[in-house]
Amino acid sequence: MTMVLEPVSTVIFSKRLQVLKILPSFVITTSEAADRFFPAKAKDKSARTEIAISTEARIKSAFFIMRTLMAHFHEKNRILIFPAAVFLLVFIISQTGCGKRTDLPVSGQDFCFDTVCTVTVYDIETGGHDEAEKLIDEVFERCVTYEKLLSRTKEGSDVYRINHAGGEGVICNDVTVDLIEIAIRYCALSGGDFDITVGGLTKQWDFRSDEPDVPSDENIKEAVKHVGFDNIVVSGNEVRLRDPLCEIDLGAVAKGYIADRLTEFMEQRGVKSAVISLGGNIVCIGEKKDGRESGRFRIGIETPYSDQRKISGVVAMSDETAVTSGVYERFFEKDGKMYHHILDPKTGYPADTDLLSVTVISGKGRSADCDALATICVLKGADEGKRFLKGMTGYEGFFIDKNGVQYATDGFILEER
């Protein structure tokens, strides 16, 4: 997984007011004020957070802090502390501003595509904070729409209808058709190592289950019989499967494609600097502008199996996208053996690869391509994967093998941490 370093705080209070120290033994946090006055807002669904505190919350928090300060000191000392408390009250309330807020960045978070997604806007042409906040809400609404089209498991989605049509043609949204055609191109380019018709195998393995298990060899062999991207027939907006038991799974390319579409949408709305993070898929729009510093975004590459606690490298990005595919992202153990979610379409079992992860980087607008290429490289293994990626113009890669050895293509520049 790729992750943005030095992320903007996602607590609902201003970062500069996060902790107020009066004495070494006396600390008030604005989080405590939030819990006191707005317990619902402070913990609102946990899936969606905002950076900015509301004006009402700031004012009430300010009064709470002032009251706590006055109560802390002995009565005869309150006269001495009162001017400082009043100054503090005025300072906090003044941060609310008048009318629309213009301060940036603004960040939002939601759970989509079975992962935590974050969108942060650093610079937008008009509207400032309020416009950015509204835009982020619209971005997540679009995520819901895309998921309803492309999910294998959501009843009524285009992919679900294709898989359950018994070989009959299904009229699909332009988005679905576009993504399927992109995916077919990479299936062919990979020589069949990558194949989006592994839906039947995905169903057998069910890595999202609370108690995943190894399917029977018989069931795996039966599912493999129905794998083959040449079963997909696209005619205009109609999609059908020659084999009625064949099933499409777009999970290996969907997030990258969606990231590209979200990038287009945000730029059309005037965004000049932003980061879109859909799990292991990162898009950096422009350069970082947050009032304190500017320059390229610094993106960390997660060390496999570190649970996002360690990074193996840092890459600087602007108007670029990076996608990481790794066997550590979803797996389970059975009888001492690890089974990961990147399935070999030829065997039906998790790919027997010497790689733990591959990160592919390219220009903005190529996240779907990077998504497919990263998975293809994992499937092919270190040597063949590196040769394959070097044959692709405009893409660079960072490989981590089972021994922790790291390889980077010539154009993949790691920064000092």
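Bear in mind that the values in this text are calculations on the coordinates, not laboratory data. Keep in mind that what you see is a predicted model, and the values were worked out from it rather than measured. Glycine gets a Cβ as well: all are built from the backbone with ideal geometry, and neighbour counts include every protein chain shown.
Neighbour counts of C-beta atoms inside 10 Å place Val139, Val119 in the sequence Val139, Val119, starting with the fewest. Comparing segment 258-347 with the 2.2 N^0.38 Å rule of thumb, its C-alpha radius of gyration ratio is 1.38 (two decimals). Compared with the alpha-carbon gap, the fully stretched path from Glu138 to Asn237 is longer by 33.0 nm at 0.36 nm per residue. Among His164, His340, sorting on how many other beta-carbon atoms sit within 10 Å of each Cβ, with the fewest leading, yields His164, His340. Return the subset of Lys134/Lys272; Lys221/Lys346; Lys346/Lys380; Lys225/Lys255 for which the Cα-Cα distance in this structure is over 20 Å, preserving the input order. From Lys134/Lys272; Lys221/Lys346; Lys346/Lys380; Lys225/Lys255, over 20 Å: Lys225/Lys255.
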